[in-house]
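Chemist: Shown below is the structure under consideration.
Every number in this text was worked out from the coordinates using simple rules, so none of it is lab data. A quick note: this is a predicted structure, and the numbers were derived from the prediction, not measured. Using ideal geometry, Cβ is built from the backbone for each residue, glycine included, and neighbour counts are taken over all protein chains shown.
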Amino acid sequence: MHKRIEKPFNSVFSWFIKKRLHEIEYFKKHPIKVQEELLLDLVKRAKNTVFGKENNFENVYNYESFKKNIPLQDYTSLKPYIDRTIKGEQNLLWQDNIKWFAKSSGTSTGKSKFIPVTKEAVDQCHYKGGKDLLGMYYKFHPETRLFNGKHLILGGSSQINYFNSKSYFGDLSAIIVKNLPWWCEWRRTPKKEITLMENWEEKLPKMVEATIKEDVMILAGVPSWVLVFLKEVLKQTGKTNIMEVWPNLELYMHGGVNFKPYQAQFEAIIKNKKMNYVQSYNASEGFFSVQDRVKADDMLLMLDYGIFYEFATLDELKKEKPNVISLKDVKKNVNYAIIVSTTVGLWRYVIGDTVKFTSINPHRIIVSGRTTHFLNAFGEELIIDNTDKAITEACQKTNASFQEYTVAPIYMSKNKTGGHEWVIEFNKAPKNIELFAKELDTALKNLNSDYEAKRTGNLSIQAPKIHIAKNGLFYDWLKTKNKLGGQHKIPKLANDRKIIEEILSLNY
C-alpha cells in the first residue's frame with residue numbers, strides 16, 4: 001500500500017519542485033524587477049476600486065509615485081472599507097469579490113481585526129507557501145515517505161462565524177481548512193468536525209483521541225500550543241517519547257514565533273535525532289517566507305505570492321512623514337517594520353511585525369518582534385529577538401528550560417532606579433535563580449549595547465527581577481482572556497505593567 005501511494009506522490013512533488021525551483025531562482029536573481037512588476041500589476045488591477053480612485057492609482061507608474069499617492073495604512077484607516085465589505089459591498093479595496101475574513105485579535109488590546117481574504121490569496125499565497133515549504137523539504141529529503149502518512153496541523157479556534165449570507169469570518173486556519181483541496185484533506189488528521197471545534201479545552205482531548213492511532217508523519221503549528229498538545233498525547237498514552245506513538249514522525253513545520261527557545265523541549269519529548277524542524281512566516285495578512293536551507297535560522301522572502309514589500313525602521317515609523325523604502329534599499333541587521341500591499345486590498349499596510357535581513361543576495365529574513373511589543377522604558381530598545389536569545393542562553397548556562405515568559409518595566413521612583421521585571425514559567429527551574437538572573441543580564445548586555453549602557457553602574461536600570469511562575473500560569477491568563485488555542489501567543493514585551501500585573505495576580 002505504501003509503495004503504491006509513495007511513487008505517484010513523490011513523482012508529482014519531484015515535478016513540482018523542479019518547476020518551482022526555476023521560478024524561485026528567477027526572483028532570487030531579479031528581486032527588484034519582480035517586485036516592481038508585481039506592484040504595477042496590483043495597482044492596475046485596483047485602479048477602478050473606491051480606494052484606487054480616492055488615491056489616484058491611475059497616476060501611479062513606479063514606486064516613487066506609489067509612495068507619493070498612497071499614505072501608510074493600518075487597520076484603523078482601512079476599517080471603514082472593510083466594514084462596508086463585510087456588509088456586502090464590493091470593489092472597495094480590491095477588484096475581486098471578498099467574502100472571507102480572517103479574524104486576528106490583538107493580544108494586548110483584545111480587539112479583533114477582520115483581514116479580508118480572497119480566493120486568489122488562498123490559492124496563490126497561503127496554499128502556495130505551504131506547497132513551497134513541503135517542496136523545499138522534499139528537495140533535501142527526496143526519499144521521504146511523508147505522503148504515505150497523516151499530516152496533523154494544529155490550528156487555532158476554528159469556528160466559522162457568519163456575518164450574513166454573503167460573508168463569514170474565522171481564524172485563518174478555519175478558512176484554510178474549509179477550502180483545502182482534496183489531496184490535502186485526504187492526508188489531514190483529525191476530521192474537520194474536530195479541527196473546526198471552537199472550545200480549546202474540549203477540542204484538545206478529542207484531537208488526541210482521534211490522532212494517536214494514526215500514522216502521523218507531519219506536525220504543524222505554533223510551538224507553545226503544539227507542546228501543550230504533545231504533552232497531552234504523552235499523558236493519555238502513558239508514553240515518554242512521541243516516537244513511541246508516531247514512529248514515522250519526521251517533520252515539524254512551525255512559525256509565528258522564534259523556535260530556538262522551544263527546541264530543547266521538543267527534543268526532550270520527540271527523542272529522534274533524525275527529526276526535522278522547518279519554519280515559515282505566515283500571518284493573516286499573507287504568507288511571507290519559507291526556510292529554504294537545512295537547519296537554517298532564517299527564511300527566504302517569497303517575492304511572487306502577490307505581495308509587494310516595503311520597510312521602515314521603528315524610529316521612522318513614529319515620524320509624521322516616515323522614510324519608507326522598498327526591497328531595493330534594505331540593509332542587513334537593521335530592525336524593520338514590514339509593510340505590505342497585497343491581493344486582498346491591503347495597501348501600504350503596517351502589519352505590526354518587525355524583521356531583520358540576514359542576507360541581501362538573496363533576501364532572507366528572521367522575524368525579530370512586533371512594532372508594539374518591545375521594551376524601551378529607559379532607552380534600552382530591547383526587542384523580542386534579544387530577550388528570546390538571552391533567556392535561551394541563560395537556560396543553557398544553568399541547565400534549565402522554560403515554557404513561557406513576559407517582561408515589563410519597573411518604573412523609576414524617587415529613591416530607586418528602574419528595571420525590568422520578568423515572569424518565567426520554567427519546565428525545569430534553575431537550581432540557583434540568582435545565577436540565572438546574572439546569566440540573563442550578561443546575555444542581554446552582550447546582545448544589546450543600549451541595554452548595556454543603561455545597566456552601567458545601575459544608573460538607569462537595575463539587575464533583572466525574576467518571578468518563577470506556577471505551572472500553567474500563562475495558560476490560566478490566556479483562559480481569562482478567552483484566548484486558548486493554537487494561534488494565540490503570550491505578549492513577551494510591553495512598555496506598561498498592565499499585562500504583567502494581571503499575570504502576577506494569578507500567580508498564587
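Chemist: How many angstrom separate the Cα center of region 206-249 from the Cα center of region 12-64?
Modeler: Between the Cα centres of region 206-249 and region 12-64 lies a distance of 40 Å.
Chemist: List every residue whose amide H lies under 5 Å from the amide H of N276, counting only residues 5 or more places away in sequence or on a different chain, with H placed 1.01 Å from N in the peptide plane.
Modeler: Residues meeting the amide H criterion: L251, Y252.
Chemist: Less than 16 Å apart at the alpha-carbon level, and either on another chain or at least 8 residues along: which lysines does that give for K67?
Modeler: Qualifying lysines at Cα under 16 Å: K44, K47, K53, K319, K321, K328.
Chemist: Mind putting a number on the dipole of region 1-360 about its Cα centre? Charges go on the C-beta only, +1 for Lys and Arg and -1 for Asp and Glu, and I need it in Debye to the nearest 20.
Modeler: For region 1-360, the charge dipole is close to 540 debye.
Chemist: To the nearest 20 Debye, how big is the dipole of region 38-104 about its Cα centre, given +1 on the beta carbon of each Lys and Arg and -1 on that of each Asp and Glu?
Modeler: Using only the charged Cβ atoms, the result is roughly 120 debye.
Chemist: Continuing with this model, one more query. Give the relative contact order (percent, whole number) for the chain; include only Cα pairs under 8 Å separated by 6+ residues.
Modeler: 13 percent
Chemist: If you take every DSSP beta bridge fully contained in region 1-360, what fraction is antiparallel? Give it as a percent rounded to 5.
Modeler: 60 percent
Chemist: Can you give the charge dipole size of region 384-505 about its Cα centre, rounded to the nearest 20 debye, using +1 on the beta carbon of Lys and Arg and -1 on the beta carbon of Asp and Glu?
Modeler: 200 debye
Chemist: Step through the residues of region 240-250 one at a time and calculate ³J(HN,Hα) from phi using the Karplus curve (6.51 cos²θ - 1.76 cosθ + 1.60, θ = phi - 60°), rounding each to whole Hz and writing x for Gly and Pro.
Modeler: In residue order, the calculated couplings are 10, 9, 4, 5, 6, 8, 10, x, 9, 4, 9 Hz.
Chemist: Could you tell me which chymotrypsin sites (Phe, Trp or Tyr not before Pro) in region 27-66 are loop residues by DSSP with no more than 14 other beta carbons within 10 angstrom of their beta carbon?
Modeler: Y61
Chemist: Roughly how many whole Å is it from the C-alpha centroid of region 369-443 to that of region 78-98?
Modeler: The two parts, judged by their Cα centres, are 43 Å apart.
Chemist: Once you have a ≥ b ≥ c as the square roots of the Cα gyration tensor eigenvalues for region 1-360, tell me rounded if a/c is under 1.5, and otherwise prolate or oblate according to whether a/b is larger than b/c.
Modeler: prolate
Chemist: Just to confirm a number: summing +1 for Lys and Arg and -1 for Asp and Glu over residues other than Y162 whose beta-carbon lies under 15 angstrom from that of Y162, what do you get?
Modeler: Result for the local shell: +3.
Chemist: Sort 432-444, 199-211 by packing, meaning the average of other beta carbons within 10 Å per residue, with the highest value first.
Modeler: The most tightly packed comes first, giving 432-444, 199-211.
Chemist: In addition: Among DSSP beta bridges lying fully in region 384-505, give the percent that are antiparallel, nearest 5.
Modeler: Antiparallel bridges make up about 60 percent of those DSSP assigns within region 384-505.
Chemist: Further question: Put +1 on the Cβ of each Lys and Arg and -1 on the Cβ of each Asp and Glu in the chain; which of T398, G52, W347 then has its Cα farthest toward the positive end of the dipole?
Modeler: T398
Chemist: Place the peptides 385-391, 77-83, 310-316 in order of packing, highest mean first, counting for every residue the other Cβ atoms within 10 Å and averaging per peptide.
Modeler: 385-391, 310-316, 77-83
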